[in-house]
Amino acid sequence: MKKYKNFDEMFNDNDYVSEEDREIINLEVKLIGKMIEAREKQGLTQRDLAKISGVKQPAIARIESLRSTPQLDTLLKVLIPLGYSLEIIPLQKEN
C-alpha cells in the first residue's frame with residue numbers, strides 16, 4: 001500500500017479513490033454543509049429541525065457529521081422546512 005503524506009494526497013490518488021467516488025463525496029460534503037448553514041442561519045438547533053421536519057434528531061446528527069448518507073426523501077424532509085429543495089442543473093462544459 002502506498003504511503004501518503006496527507007489526506008489530500010490520498011484523496012486525489014485515482015488508484016485509491018476513483019474520480020466518480022470523489023465527485024460523490026464532494027457533492028455530499030457540499031450538500032450537507034449547505035444544510036447545516038441553512039439550519040444555523042435560521043437559528044435552529046438539530047432538535048428544532050427534528051420537530052419541524054419529522055426526522056429524528058439523532059438521524060440529523062448522523063447526517064450532519066457525514067456518518068450517514070440520507071435517502072432522497074429524508075433529505076427533502078429536512079430541506080423543505082428550511083426553505084430549500086434540490087434541483088438538477090446541467091454541468092458547464094469546458095471549452
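Numbers at a glance
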item: Count of segment 47-69 residues which are touching a helix residue (DSSP H, G or I) at 6+ places or on another chain (Cβ under 8 Å), surrounded by 13 or more Cβ atoms within 10 Å (Cβ to Cβ), under 23 Å from Ile25 (Cβ atoms) and not hydroxyl-bearing (Ser, Thr, Tyr); result: 6
item: Any pair with Cβ under 6 angstrom, 6 or more apart, that starts in segment 70-88 at a residue that is in contact (Cβ under 8 Å) with a residue 40 or more places away in the chain and surrounded by 10 or more Cβ atoms within 10 Å (Cβ to Cβ) and ends at one that is in a loop (DSSP other than H, G, I, E, B) and among the hydrophobic types (A, V, I, L, M, F, W, C); result: Val78/Val55
item: Selection count where residues are assigned to a loop (DSSP other than H, G, I, E, B) and either surrounded by 12 or more Cβ atoms within 10 Å (Cβ to Cβ) or within 18 Å of the chain's Cα centre (by Cα) (or both), scope segment 14-41; result: 2
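A short reminder: the numbers here are calculations on the coordinates, not readings from a lab. Note that the structure is a prediction, hence the values are computed from the model and not measured. Cβ coordinates were reconstructed from backbone atoms using ideal geometry, including for glycine residues, and neighbour counts include every protein chain displayed.
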